[in-house]
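Asks: After the structure tokens below, expect a handful of questions from me.
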Amino acid sequence: MNQFRNRELIVVTGKGGVGRTTISAAIGVAAASAGNRTVICEVSGQQSIPAAFGVEPQPLGSETTLGPNLASITIDPDAALQEWIRAQAGAAVGRALGASRSFAHFVAAAPGAREMVTITKAWELGPGRRWGRGKVEHDLVVVDAPASGHGTAMLTAPRTFADIAGSGPVKEQSERVWDLLTDPIRSMLVAVTTLAELPVSETVELNSWLKEKLDRPLDLVVANRIGPPGFSRSEMKLISSAVDSEALPSGAAKAAELNSARASIESAHLAELQSGLDAQTTVIKLTEASAGTESSALVEQLAEQLTKSLPN
């Protein structure tokens, strides 16, 4: 799994409903299996990752052990902000500001503040950066970021705050996070899509946006929930003949036609996706799970597909 070697941060985003959280979990499993001490971060108060592993989640802001080398955490921006203040100004100041209603309103109202705190906390979970003594360090942090629109706000927040701050600890902290996000050796930017019109166009737009704002394209695009391949013309003739001879039920031919039509549409969207991305962006296809597959088994299946599909 050379794709994860030397990576400290993987940010996973994409249009809503494409399976972003499941793919984040699968990336976490694949990375942990390769020997990386990995933590998967959820945002916006979500705690879906532990449920996908059949594990009871720890309280918000605490890490949940999912398996060997693998944990998850739901980032609480308010708690993360207090942690950062304590690290910069000491426990007494952190407690005072944390209890201040005016300060809480100020943070809530500041454009991009919650996004900045969230991505900074994800940065802090990485190697050699923990704010408190005795806290577990991780080799790799996988961020299950918000859907593309909100995810882009999170990615640009460090640059915005570094420019606003001018000097001091906020600028220094923001610059360190920004340096990691813009480093294609230490970080990876991943988009999840399905092979449908809107998710594909949004992924292509995201790639262009990243090149403009972060001066780097997507590293990896995961085309998720790909259906089975369509039937060839000769196979369709055989199916029709089998229906005519009543060896197959009458609906078999229609089902085969629908499957082939879907496969053709997916193939066209895949071509559109690949033409809109950069040559260095890896595109992998993950097949749709069988109906009724349990979430933990699904994550394991997708992690195995990822491992086999990613180039060394």
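Here, each number is a calculation from the coordinates, and none is a lab measurement. Just so you know, these numbers come straight off a predicted model, no measurement behind them. Neighbour counts run over all protein chains shown; Cβ positions are idealised from the backbone, glycine included.
Asks: Taking the Cβ of Glu300 as the center, what net charge do the other residues with Cβ under 14 Å away carry, scoring Lys and Arg +1 and Asp and Glu -1?
Replies: Numbers: positive: Lys308; negative: Glu294, Glu304.
Result for the local shell: -1.
Asks: Could you check the simple spin-label distance between Trp209 and Arg5, using points 7 Å along Cα→Cβ, in nm with one decimal?
Replies: 3.3
Asks: Per 10 Å bin, what percent of the C-alpha pairs of the chain does each bin hold, from zero upward?
Replies: Per 10 Å bin, starting at 0, the Cα pair percentages come out as 6, 25, 31, 20, 10, 5, 2, 1, 0.
Asks: Between segment 255-312 and segment 172-211, how many Å separate their Cα centres?
Replies: Centre-to-centre (Cα) distance: 19 Å.
Asks: Roughly how many nanometres apart are two label points built 7 Å out from the Cα toward the Cβ at Ser295 and Glu56?
Replies: 1.6
Asks: Count charges around Pro228 for me, please; just the other residues with Cβ under 15 Å from its Cβ, Lys/Arg as +1, Asp/Glu as -1. Before the final figure, lay out the partial values.
Replies: Numbers: positive: Arg225, Arg262, Lys285; negative: Glu235, Glu257, Glu266, Glu288.
Local charge sum for Pro228: -1.
Asks: Pull up the cross-link candidates among the lysines for Lys135, meaning alpha carbon to alpha carbon under 17 Å and not fewer than 8 places away within one chain.
Replies: Lys121
Asks: Now a separate question. Work out how much length Arg262 to Phe231 would gain on full extension: take 0.36 nm times their residue separation and subtract the Cα-Cα distance, in nm to one decimal.
Replies: Details: separation 31, 0.36 × 31 = 11.16 nm, distance 1.07 nm.
That pair, Arg262 and Phe231, stretches by 10.1 nm at full extension.
Asks: Still on this structure, please answer the following. Sequence neighbours fewer than 8 away in the same chain don't count; with that in mind, list the lysines whose C-alpha is under 28 Å from Lys237.
Replies: Reachable lysines: Lys254.
Asks: Now for a different question. Taking the Cβ-Cβ separation of Lys285 and Arg133 as r and a Förster radius of 51 Å, what is the calculated FRET efficiency to the nearest 0.05? The partial results should precede the final answer.
Replies: Numbers: r = 45 Å, r/R0 = 0.88.
Once rounded, the FRET efficiency stands at 0.70.
Asks: Right, something else. Between Ala247 and Leu310, what is 0.36 nm times their sequence separation minus the Cα-Cα distance? Round to one decimal in nm.
Replies: Numbers: separation 63, 0.36 × 63 = 22.68 nm, distance 4.15 nm.
18.5 nm is the gain from fully extending Ala247 to Leu310.
Asks: I've got another one for you. Once the piece of chain linking Ser48 and Ala196 is laid out straight, how much longer is it, given 0.36 nm per residue of separation minus the C-alpha distance between them?
Replies: Numbers: separation 148, 0.36 × 148 = 53.28 nm, distance 2.48 nm.
Stretched fully, the Ser48-Ala196 segment lengthens by 50.8 nm.
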